[in-house]
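Student: First the structure, which I've put down as structure tokens, then a few questions once you've had a look.
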Amino acid sequence: MAVVARQTRQRAEIVGLLDELDEFRSAQQLHELLRVRGSGVGLATVYRAMQHLADAGEVDVLRSADGEAVYRRCERRGSHHHHLVCRRCGRTVEIDGPAAESWAAQVAAAHGFADVDHTMELVGTCESCRAEETAEHPA
């Protein structure tokens, strides 16, 4: 039986903030954004809320380059999808990956695995950031 957490004012503030963001953010970054807005939500509350939202499938979780968990409330909540993430600005695009799904199933079957879950994030540099880099460092 799943534990249903009650909707508190603090959790509502956190979800409201997540709904405004397009990029993945850490719990500490979310806490800082809330603090700047004048919120009294504590860091521990943000961590607990993010864990609950992740467990409930309400947010996606990635690991940043330094291993920190970062979160995003995706439009496709509850449906399987992947992400294309800009390593410079954090812009994120939700993508489908039928070829990746097929590949994962084939690799699992070849090794005798079943009921396999996976995540896939493609990390690169978006068009806007490439243009900025070119302007900053012309060839």
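Student: Over what distance in Å are the Cα centres of segment 66-139 and segment 12-55 separated?
Tutor: 22
Student: Sticking with this structure for a sec: Cα-based Rg (one decimal) and Dmax (whole number) for segment 1-67, in Å?
Tutor: 11.9, 38
Student: No solvent, one uniform scatterer per C-alpha: report log10 I(q)/I(0) for segment 1-113 via the Debye equation at q = 0.19, 0.22, 0.23 1/Å, two decimals.
Tutor: Per q value, in the given order, log10 I(q)/I(0) is -1.04, -1.26, -1.33.
Student: Now for a separate question. Treating each Cα of segment 80-139 as an identical point scatterer and ignoring solvent, apply the Debye formula and state log10 I(q)/I(0) at q = 0.13, 0.14, 0.23 Å⁻¹.
Tutor: So the normalised log intensities are -0.49, -0.54, -0.89.
Student: Just V107, V61, V15 to compare: in a GNM of the chain, with alpha carbon springs under 10 Å, which one fluctuates most?
Tutor: Checking each option, the largest mean-square fluctuation is seen for V107.
Student: Just need the relative contact order of the chain here, percent rounded to a whole number, with Cα pairs under 8 Å and 6+ apart. Before the final figure, lay out each step's value.
Tutor: Numbers: 134 pairs, mean separation 26.9, N = 139.
Computed over the chain, the figure is 19 percent.
Student: Once you place label points 7 Å from the Cα toward the Cβ at V116 and D55, how far apart are they in nm?
Tutor: If labels sit at V116 and D55, their model points lie 2.8 nm apart.
Student: Grab the beta carbon distance between V123 and Q28, set R0 = 22 Å, and tell me the FRET efficiency rounded to 0.05.
Tutor: Details: r = 21 Å, r/R0 = 0.94.
E(calc), rounded to 0.05, equals 0.60.
Student: Just want the answer: with Cβ charges of +1 for Lys and Arg and -1 for Asp and Glu, which residue in Q29, W103, L84 is farthest toward the dipole's positive end in the chain?
Tutor: Of the options given, the answer is Q29.
Student: Note down the magnitude of the dipole of the chain about its Cα centre, charges +1 on Lys and Arg C-beta and -1 on Asp and Glu C-beta and zero elsewhere, to the nearest 20 debye. Mind dumping the intermediate values first?
Tutor: Values: 16 positive and 22 negative charges, 123 e Å.
I would put it at about 600 debye.
Student: At 7 Å along Cα-to-Cβ for each site, give me the label-to-label distance between R63 and R37 in nm.
Tutor: Computed distance between label sites R63 and R37 equals 3.0 nm.
Student: Can you compute 3J(HN,Hα) from phi for each residue in segment 90-99, using the Karplus curve 6.51 cos²θ - 1.76 cosθ + 1.60 with θ = phi - 60°, rounded to whole Hz and x for Gly and Pro?
Tutor: Karplus values, whole Hz, x for Gly and Pro: x, 3, 10, 10, 7, 10, 8, x, x, 5.
Student: Roughly what % antiparallel, to the nearest 5, for the DSSP beta bridges in the chain? Each step should come with its number before you reach the end.
Tutor: Numbers: 10 of 14 bridges.
So the antiparallel bridges amount to about 70 percent of the total.
Student: Would you pull out the residues with amide H under 5 Å of V41's amide H, same chain only if 5 or more places away, H placed 1.01 Å from N?
Tutor: Under 5 Å from the amide H of V41: no residue qualifies.
Student: Between V15 and Y47, what length comes free when the chain is fully extended (0.36 nm per residue of separation minus the Cα-Cα distance, one decimal in nm)? Please list the in-between numbers first.
Tutor: Numbers: separation 32, 0.36 × 32 = 11.52 nm, distance 1.26 nm.
Taking 0.36 nm per residue and subtracting the Cα distance, the gain is 10.3 nm.
Student: Placing unit charges on C-beta atoms (Lys and Arg positive, Asp and Glu negative, everything else neutral), compute the dipole magnitude of segment 1-77 about its Cα centre in debye, rounded to 20.
Tutor: On the way: 12 positive and 12 negative charges, 65 e Å.
So the magnitude is around 320 debye.
Student: Taking H as built 1.01 Å from N, whose amide H comes closer than 5 Å to the amide H of V59, not counting residues under 5 places away?
Tutor: A54
Read the figures in this text as sums done on the coordinates, not as results from a lab. Remember, it's a predicted structure, so these values are computed and weren't measured experimentally. Counting neighbours? That spans all protein chains shown, and the Cβs are built from the backbone with ideal geometry, glycine included.
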